[in-house]
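Below is one structure; the comments refer to it alone.
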Amino acid sequence: MNFFSMDERTLIGLGIILYCLAFAYGLGYLIKTRKHRKLSMLSLVIGGFALQTLGLYLRGMDLGRCPLGNPFEKVQFVVWSAILLYLVIGPAFRMSLLGFFSSGLAAVLGALSLFLESWDQSYLRAESATNGWVETHAALAVFSYGIFGILALTSLMYLLQNYGLKQKRITGLFPILPSIVQLDQMNRRLLMMGVAVLTISFAVGAVYYRTHLSDVQSAKLITTVALWLAYTIVLLLHRTNRLASKKFALSCVILFVLALISLWPVTTSGRVEPESTSMQP
Amino acid sequence: MNGKNNRGKIFLQGVSHQTAPLEIREQLALSREQVESLYQYLRNSVELKECLVLNTCNRIEIYGLAEGSVGQDWFLEQFEQFNHLKTAWFADFGYWKNDLETIRHIFEVAAGLDSQRIGETEIFGQVKDSYAVGVQKKTVGPVLHKVLQKGFQAAKWARTNTAISRGQVSLGNVAVDLARRIFGHLKSSRILVAGMGEVGEMTVKALISRGVKNITVANRSPEKAVNLASEFGGRAIPFAECPNILADMDIVITSTAARKWIFTRKMIEKASKLRPDKPLFLIDLAVPRDIEREAGDLPGVYLYNLDDLSEIANANLKIRKNEVATCRKTLSKKAERLWKSLNGD
């Protein structure tokens, strides 16, 4: 499906370029003036988000389902979810600098998925993938990755602020980062939200998979359950005051890196050999 | 002009933040009683005709007028027996100045050019107070009197005619900025103020102006604690209670004259464990320090001392660098004029 003679991959690519521009502009402005340009950054991120949404929508229309079949689509959906979350929570919690970090994450992951063409191989729809329960399960699971992505960013901001305060740094990025307390509260809320969404995703998936046990891919199940368990343990430890401040933030960053790595077994185990549906022109 | 006429030799032996780190300065710092003893000791020196002790948290300087060709060796030898003055450290971390250099130095000190926060005005009051003590003790004679009076005039000129104090960031505002980086809004922050000095008061006032309401004051003198508490609209507690309420506090400001730590790492670790999800901001304005340095290594604990705050406040120094150079040049000319007049030229 084309939009003004542009295919969905081109639209997604243009969206990623806008994320890259937002990050580069934000970085340049920060280095030059030690200030953060909110409105220009937000405009570029919104532009990128609109193009990416359109690209994903067109691909979904082509596939006739939510585009979550290969690593490219999954990474794009994670990026899309993270940016959506930023657009919701950034202004609400006056975390404008989160836009800078979110655009950075979107630029890196988005560009990586675009350059690695092997990630966007054609695939054949598995029969189960057309089931509404399975589609909702997959969409929610990947959305939770987006939440964990934003959590990793706010945790990174926490670590930077903590480092700046401990090392008595007052220049550059440090004075404009949100406060330690604000970031800690945000991390707690995002972690609860991420675990809740991933739990709901499991519950929704169980509706289908409990009657179709043969469709369950063990590598995918083990990886996602391990990830859910790890995030839940971190949440419980934090709630019971046994994992706080720097260690809590560090755990959230490490877990997101593991979550990204886990996308690989989740994707490869679910891959069905291609027949005719080609994603690459 | 050699300063060795019948008037005698003007000299200065000092240690300041320019030459010694906080760890050394806090061990050299003299209590009020020790300054008293030092004056008594100085009076016994046969060669000394006049003297003045300037003792602040950033410097200890002894100005004098002596007969004969006295030098740093003479000074160190003279004060070797004075228990409270670690003369060896004066040799290692201090500076010795003679005649014109001494006058230049006191002019720059009074004008705030030698301060940690260049252009600050508190030092002017501290020099004046030290001068008043010297006059009262009759250790300041006609020569030091003239030097000091001219120094005050030069300092006033510098403040009025140059921009050295312009764009000055107060330590109170630096502390507020740091507190906001830790807590965001400060309205619900709880503050413990242990002891009170000029900078401490400035910091508390800056925090109050940003909405802080919950203030607890502790002082060795219960009466002073009650007075300060009523001034800030807070409550007073006995000094010994401080470690027990640490866990309920968000910001702790200390500026006591204690010679030992009033908050050890152990005390802060214990308090921190009772509030693992809340950070603790410790502002140690005392010299010698009130809070064990290692407490700053604890997670969720942010410890800043006087040097840290001053360094931050001085961050905009570059902007005033040209102004400082101009000011220094003019003060030097004024010092030379005075030196000539003292020598009868």
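The values are calculated or read from the model by the stated rules, or taken from the named source; none is laboratory data. Everything numeric here is computed off the predicted structure, so don't read it as measured data. Glycine also receives a Cβ, built like all others from the backbone with ideal geometry; neighbour counts cover every protein chain displayed.
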Residues of the range B:206-235 satisfying the condition of being assigned to a helix (DSSP H, G or I) and loosely packed, with under 14 Cβ neighbours inside 10 Å
B:S209, B:P222, B:E223, B:S230
Single match in B:N227, B:N244, B:N219 (criterion: without any contact (Cβ under 8 Å) to a residue 60 or more places away in the chain, more than 19 Å from B:D307 (Cα to Cα) and under 21 Å from the mean Cα position of the chain (by Cα))
B:N219
Within the range A:134-192, the residues that are at positive phi and either among the aromatic types (F, W, Y) or touching a residue at least 60 places away in the same chain (Cβ under 8 Å) (or both) are A:G172
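The rows are residues; the columns are (1) in contact with a Pro (Cβ under 8 Å, 6 or more places away or on another chain); (2) hydrophobic (A, V, I, L, M, F, W, C).
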{"site": "B:L246", "(1), (2)": "no, yes"}
{"site": "B:I251", "(1), (2)": "no, yes"}
{"site": "B:A257", "(1), (2)": "no, yes"}
{"site": "B:A271", "(1), (2)": "yes, yes"}
{"site": "B:L280", "(1), (2)": "no, yes"}
{"site": "B:D284", "(1), (2)": "no, no"}
{"site": "B:E292", "(1), (2)": "no, no"}
{"site": "B:L298", "(1), (2)": "no, yes"}
{"site": "B:Y304", "(1), (2)": "no, no"}
Anything in the range B:108-129 that is under 18 Å from B:E50 (Cα atoms) and among the hydrophobic types (A, V, I, L, M, F, W, C)? List them, or say none.
B:V127
How many residues does the range A:216-250 contain that are in a helix (DSSP H, G or I) and facing chain B (nearest Cβ under 10 Å)?
6
Give the residue, chosen from A:Y145, A:Y158, that is in contact with a helix residue (DSSP H, G or I) (Cβ under 6 Å, 6 or more places away or on another chain) and within 14 Å of another protein chain (Cβ to nearest Cβ).
A:Y158
Examine the range B:264-272 for a residue that is in contact (Cβ under 8 Å) with a residue 12 or more places away in the chain, in the same structural domain as B:R181 (by TED's automatic domain parsing), surrounded by fewer than 20 Cβ atoms within 10 Å (Cβ to Cβ) and within 25 Å of the chain's Cα centre (by Cα), and state whether such a residue exists.
yes
Across the range B:31-82, what is the total count of residues that are closer than 30 Å to B:S310 by Cβ and of a type in the set (D, E)?
3
Given the criteria surrounded by fewer than 15 Cβ atoms within 10 Å (Cβ to Cβ), free of Cβ contacts under 8 Å to residues at least 60 places away in the same chain and more than 14 Å from chain A (Cβ to nearest Cβ), does B:D297 qualify?
no
Of the candidates B:K334, B:K340, the one satisfying the condition of being away from every other protein chain (no Cβ under 14 Å), assigned to a helix (DSSP H, G or I), within 30 Å of B:V35 (Cβ to Cβ) and touching a residue at least 24 places away in the same chain (Cβ under 8 Å) is B:K334
In the list A:R169, A:R210, which residue meets the criterion of being basic (K, R), over 21 Å from the mean Cα position of the chain (by Cα) and within 23 Å of A:G26 (Cβ to Cβ)?
A:R169
May I ask you to say which residue of A:V207, A:V257 is away from chain B (no Cβ under 14 Å), hydrophobic (A, V, I, L, M, F, W, C) and loosely packed, with under 14 Cβ neighbours inside 10 Å?
A:V257
Would a scan of the range B:56-67 turn up a residue that is surrounded by fewer than 21 Cβ atoms within 10 Å (Cβ to Cβ), without any contact (Cβ under 8 Å) to a residue 12 or more places away in the chain and over 22 Å from B:K128 (Cα atoms)?
no
Before we move on, is B:G64 over 19 Å from B:A286 (Cα atoms) and more than 23 Å from the chain's Cα centre (by Cα)?
no
Just checking, does the range B:1-10 include any residue being of a type in the set (A, V, I, L, M, F, W, C) and at pLDDT 85 or above?
yes
Return yes when B:A179 is over 19 Å from the mean Cα position of the chain (by Cα), modelled with pLDDT under 90 and at negative phi and no when it is not.
no
Specify which of the listed residues (A:A152, A:A138) is in contact with a helix residue (DSSP H, G or I) (Cβ under 9 Å, 6 or more places away or on another chain), modelled with pLDDT under 90, outside the structural domain of A:G28 (by TED's automatic domain parsing) and surrounded by 22 or more Cβ atoms within 10 Å (Cβ to Cβ).
A:A138
